[in-house]
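The values are calculated or read from the model by the stated rules, or taken from the named source; none is laboratory data. A quick note: this is a predicted structure, and the numbers were derived from the prediction, not measured. Glycine also receives a Cβ, built like all others from the backbone with ideal geometry; neighbour counts cover every protein chain displayed.
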Amino acid sequence: MVIHQWGSLPAGKPGAVPPAVRRACSAPLSMWHLEAYAGRRGVPRGNVLPVLMGAGAAGLALLGLAWMLYREGTREMREARRRVSFVNQVSHELKTPLTNIRLYAEMAQQQAEAAGEESVVRHLAVVEAETSRLGRLIHNVLTFARHQRDQLAVHPQRAVLDDLVSRALDLWRPGLEAKGFEVKIDLHAPEPFLFDPDAVEQILGNLLSNVEKYAGAGRWLRLATEAGPRMVRLVVEDHGPGVPKAKKDVIFQPFVRLRNDLAEGASGTGIGLAISRELAQLHGGGLTLDDAWSDGARFVITLPNKQS
């Protein structure tokens, strides 16, 4: 028996359609129950079309936005590749005249030394030093361009690390000593192993360049090599101001410099350490800044001691 009813039943009478919900009442009304029936009315037909049109418009807007972002992203990628290609071509074009300048400067310096013209020798030494610095910058730019194009690679060959360090230091020593640096060496890697001499010389050149630019106040430099059964280490230490704590984690990122003010007196591109770490990692080793060194900066190059 129906005691009370709200609305009308879907089929007009009880039992024609099963209830959507049926709940029994608790004592003392356990003999009674409640039933609810779903109505026949749904969404009015007149409202369906605007909803579909709105959803379609939103979908088209999202597709249009995605297409615009895709076009902009591909345009920026093409532009970046063109810039890298341009820098690569210009750097290659600069290498030939720079090589000629260095060659003729060295010849003129030898003639001036033979003639006893000390002032000319000093002037030509500056020319040679500056062309060497420009050569390192061009080398870094070319290496960075190859890295951006995923073409950077190393070519290991059997060589002696101590010999490479000695040759590199012979090139840097006159300039460093002219600036008052005390240069110390402690070489203990006399056995040949597999590494890329050009890449390691580039790493060492970048580190020595930083010492010359930033550690002039300390006027002290030490180069050391250590050979273990698995790894060979090359250490570059100075007594300069060191690396600020805020930049110890970012100095190996491209275009990060210790100082950016124009009056700092140290020029550079900010890619030397990034390239150096990448070259070391391509060997299977690494380049790290020793946090335990508190008297300046201490960079450690590690290379696998591979014999074959």
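Considering (1) among the hydrophobic types (A, V, I, L, M, F, W, C); (2) assigned by TED's automatic domain parsing to the domain that holds P244; (3) under 21 Å from G270 (Cβ atoms); (4) surrounded by fewer than 18 Cβ atoms within 10 Å (Cβ to Cβ), the lone condition that L134 does not fulfil carries the number (2). If you go through region 175-197 and keep only what is free of Cβ contacts under 8 Å to residues at least 40 places away in the same chain and in a helix (DSSP H, G or I), you end up with E177, A178.
Of all residues in region 221-231, those that are in contact (Cβ under 8 Å) with a residue 60 or more places away in the chain and surrounded by fewer than 20 Cβ atoms within 10 Å (Cβ to Cβ) total 5. Here L103 clears all of (1) surrounded by 13 or more Cβ atoms within 10 Å (Cβ to Cβ); (2) modelled with pLDDT of 75 or more; (3) within 21 Å of D198 (Cα to Cα); (4) aliphatic (A, V, I, L, M) except the condition numbered (1). Residue selection: G205 fails the criterion of being assigned to a loop (DSSP other than H, G, I, E, B), in the same structural domain as W220 (by TED's automatic domain parsing) and at pLDDT 90 or above. Determine, yes or no, whether V300 is at pLDDT 95 or above and surrounded by 15 or more Cβ atoms within 10 Å (Cβ to Cβ). Yes, satisfied.
Scanning region 285-299 for residues that are within 18 Å of the chain's Cα centre (by Cα) and in contact (Cβ under 8 Å) with a residue 60 or more places away in the chain returns L287, F299.
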